[in-house]
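> Just dropping this structure here.
Values quoted throughout were computed directly from the atomic coordinates according to the rules given, and no laboratory measurement underlies them. The structure presented is a predicted model; accordingly, all values stated were derived computationally and were not measured. Glycine also receives a Cβ, built like all others from the backbone with ideal geometry; neighbour counts cover every protein chain displayed.
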Amino acid sequence: MKEITVAEFDREIVNGGKVILDFYSTECPPCEALASKFEDLAQLYGNDVKFLKIFRQGNRELAEKFGVKSSPTLLFFDKGQEVASRLTGGIKRSDMIRNLDSMLTADRVKEIKSLIYPTVSEFDVIILGAGPGGLTAGLYLCQSKINTVLIDIALPGGQVSTTHEVSNYPGFIEPQPGYMLSHSMSEQTRLCGTIYKVAVDITRVDLEKKEVVIDEYETVKAKRIIIATGTTPNLTGAPGEKELKGKGISYCATCDAKYYNDKEVIVIGGGNSAVEESEYITRFVNKLTIVHQFDKLTANKQAQEKVLNNPKISILFENEPRAFIKEGDKIVTEVENVKTKLRQKLVSDGVFIFIGMKPNIELFKDKLELDQWRYIKTNEDMMTNITGVYAVGDVISKKYRQITTAVADGTIAAMAIAKELN
Ligand SMILES: Cc1cc2nc3c(=O)[nH]c(=O)nc-3n(C[C@H](O)[C@H](O)[C@H](O)COP(=O)(O)OP(=O)(O)OC[C@H]3O[C@@H](n4cnc5c(N)ncnc54)[C@H](O)[C@@H]3O)c2cc1C
């Protein structure tokens, strides 16, 4: 592995053989998350591929020439030509391996793979998920001198990091950009000494044995496990939705309705959460249109009556969204009548989608006691039905899912565990 500057670029890359080049920055948590994976893979692939690093801020012109806009960005070269897809953000070991393998012969890849030995590490507590719930549990455990590892399939921060602004987290007078709040939470827990293994693939979780295998070769063992994996909103799947998430399309009324004062919004859905959230959103907006796929709402009668009697709300039944398009400050929602197949365009200032959330429990669903909506049941110490396995935050069965409730759960689980282990 070698650090280069722009002056060495021609020698090392243009006239070099196979190269992986890391444009990195300082004070960059995703770069720190990548560093150990980069070093580790340099040991394995270093005889075949040159592992080079270049400081992005110190070599701006080169970064600009290659259109590198964020750190870290990994570029792959063969005889001076860029090959394979670029990797950026929370870069996984498996994505790097895929690209490196694509540059080598199948026989050589097989030889390299035979050199990967399984490793085992031991901790007191494994936390799965580094959102507000997991990060808070990590902070409390760390301050109790309990050896803790935080494992996340993405970078730390959870849903807050993708939230535009948070104005209801106590302690901040001004609304905080979500990524800043989650960055501060994450740094506080990391600087305390909690070990992070983030942007990893989780291969297997054994809750009874308290073992988690990551990236196929690394077994992490502990005395306790905290599940803090949160939820994922169901998506409509219509084109434009992913791109406009957080930029006009929202999945949280408490969080975002206040930004639509005196404006007009569309709500997709017709169940309890769509109907109740619509009622809440009309405290702010002038006009709200519910787009629902069936010919009647599926929410309970009481909730239905409220929206049917609300003069700000109109309902477009038997329609489904087919595309979301940004036009200036507006969002155009193209909807299709499920019977006539006729399409129309609805112009609004924002769109809220409430077609359900799903708890992230795929890896351990078979062993845990779940409620009817598949959220994990816990006792008042946040312990699940499996001894020594705790769950906190949005993934558990509860009524209100907010940052404050997730951090409260994380606190409770950590204090209960600290009491047991000490
Ligand atoms: C758009 C939006 C805006 C919001 N705005 C607000 C607001 O303004 N105020 C407020 O209080 N609340 C807000 N919320 C709700 C708030 O974000 C959540 O209540 C809170 O983030 C829950 O924290 P958590 O730690 O339980 O889960 P999450 O924040 O969801 O974090 C879960 C973490 O687990 C990781 N993970 C998932 N699966 C696995 C796995 N198998 N293994 C390991 N890790 C895994 C994820 O990558 C993630 O980092 C908002 C939610 C959304 C979607």
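> Can I get the semi-axes of region 9-111's equivalent ellipsoid? Compute them from the C-alpha gyration tensor as square roots of 5 times the eigenvalues, in angstrom, largest first.
Equivalent ellipsoid semi-axes, largest first: 21, 17, 11 Å.
> Could you tally the net charge around Leu207, taking each other residue with its Cβ under 15 Å from the Cβ of Leu207, Lys/Arg +1 and Asp/Glu -1?
+3
> Once a ≥ b ≥ c are taken as the square roots of the eigenvalues of the Cα gyration tensor of region 247-366, is the result rounded (a/c under 1.5), prolate (a/b larger than b/c) or oblate (a/b not larger than b/c)?
rounded
> While we're looking at this one, here's another question. Apply the a/c threshold of 1.5 to the C-alpha gyration tensor of region 325-422 and tell me whether it is rounded, prolate or oblate.
Since a/c reaches 1.5 and a/b is larger than b/c, the shape of region 325-422 is classed as prolate.
> Still on this model: Which ordering of Phe76, Phe324 is given by a fewest-first count of other beta-carbon atoms within 10 Å?
Phe76, Phe324
> Follow-up question, since we're still on this one. What number results when the radius of gyration of region 142-226, computed over Cα atoms, is divided by 2.2 N^0.38 Å?
1.28
> With a cap of 12 neighbouring Cβ atoms within 10 Å, and only residues DSSP puts in a loop, list the GluC sites (Glu not before Pro) found in region 322-422. If you can, show how the numbers build up before the last one.
Numbers: sites: Glu327, Glu334, Glu336, Glu362, Glu369, Glu380, Glu420; in loops: Glu362, Glu369, Glu380.
The qualifying sites are Glu362, Glu369, Glu380.
> Given the peptides 249-256, 410-417, arrange them by the average over their residues of other C-beta atoms within 10 Å, most packed first. Write out the running numbers ahead of the final one.
Details: 249-256: 21.1, 410-417: 23.2.
The densest-packed peptide leads the list: 410-417, 249-256.
> Follow-up. Is region 94-205 rounded, prolate or oblate when judged by the Cα gyration tensor, a ≥ b ≥ c being the square roots of its eigenvalues, rounded requiring a/c under 1.5 and prolate requiring a/b larger than b/c?
Oblate is the answer for region 94-205, as a/c is 1.5 or above yet b/c matches or exceeds a/b.
> For the chain, what does the helix formula give at 222 nm: sum of -39500 (n - 2.57) over DSSP H segments with n ≥ 4, over the residue count, nearest 500 deg cm²/dmol?
Estimated from H runs of four or more residues: -8000 deg cm²/dmol.
> For region 312-381, divide the Cα radius of gyration by the Kirkwood radius and give the resulting Rg/Rh value with two decimals.
1.19
> Enumerate the helices in the chain for which the Kyte-Doolittle hydropathy averages -1.0 or more and the C-alpha atoms extend at least 15 Å along the helix's axis, using complete DSSP H runs.
Sorted by number, the helices that extend far enough and score high enough are 29-45, 132-143, 178-192, 403-421.
> Mind listing the phi-derived Karplus ³J(HN,Hα) values for region 62-76, rounded to whole Hz, using 6.51, -1.76 and 1.60 with θ = phi - 60°, and x for any glycine or proline?
Karplus-based 3J(HN,Hα) across region 62-76 equals 5, 4, 5, 4, 8, x, 7, 10, 9, 10, x, 10, 9, 10, 10 Hz.
> Please report the net charge: other residues with Cβ closer than 13 Å to the Cβ of Arg374, K and R +1, D and E -1.
Values: positive: Lys358, Lys365, Lys377; negative: Glu362, Asp366, Glu369, Asp371, Asp394.
Summing Lys and Arg as +1 and Asp and Glu as -1 gives -2.
> So, one more: Below 8 Å, C-alpha to C-alpha, sequence gap of six or more: please give me the relative contact order for region 193-340 in percent.
Reported as a whole number, the value is 16 percent.
> I'd like the projected area of region 20-78, averaged over all directions, using the convex hull of its alpha carbons. Report it in nm² with one decimal. Please report the intermediate quantities before stating the final value.
On the way: hull surface 16.0 nm².
Taking the Cα atoms of region 20-78, their convex hull projects to 4.0 nm² on average.
> Please give the Cα centre distance for region 325-346 versus region 104-153, rounded to the nearest Å.
Each part's Cα centre sits 44 Å from the other's.
> Arrange the peptides 136-146, 307-317 so that the one whose residues have, on average, the most other Cβ atoms within 10 Å appears first.
So the order, starting with the most tightly packed, is 136-146, 307-317.
> Stick to Cα atoms and the Kirkwood definition of Rh, then tell me Rg/Rh for the chain.
Radius of gyration over Kirkwood radius for the chain works out to 1.02.
> What are the ³J(HN,Hα) values, in whole Hz, obtained from phi via the Karplus relation 6.51 cos²θ - 1.76 cosθ + 1.60 with θ = phi - 60°, for each residue of region 206-215 in sequence order, with x given for Gly and Pro?
10, 5, 5, 7, 6, 10, 10, 9, 10, 6
> Stick to Cα atoms and the Kirkwood definition of Rh, then tell me Rg/Rh for region 185-240.
When Rh is taken as the Kirkwood radius, the ratio is 1.08.
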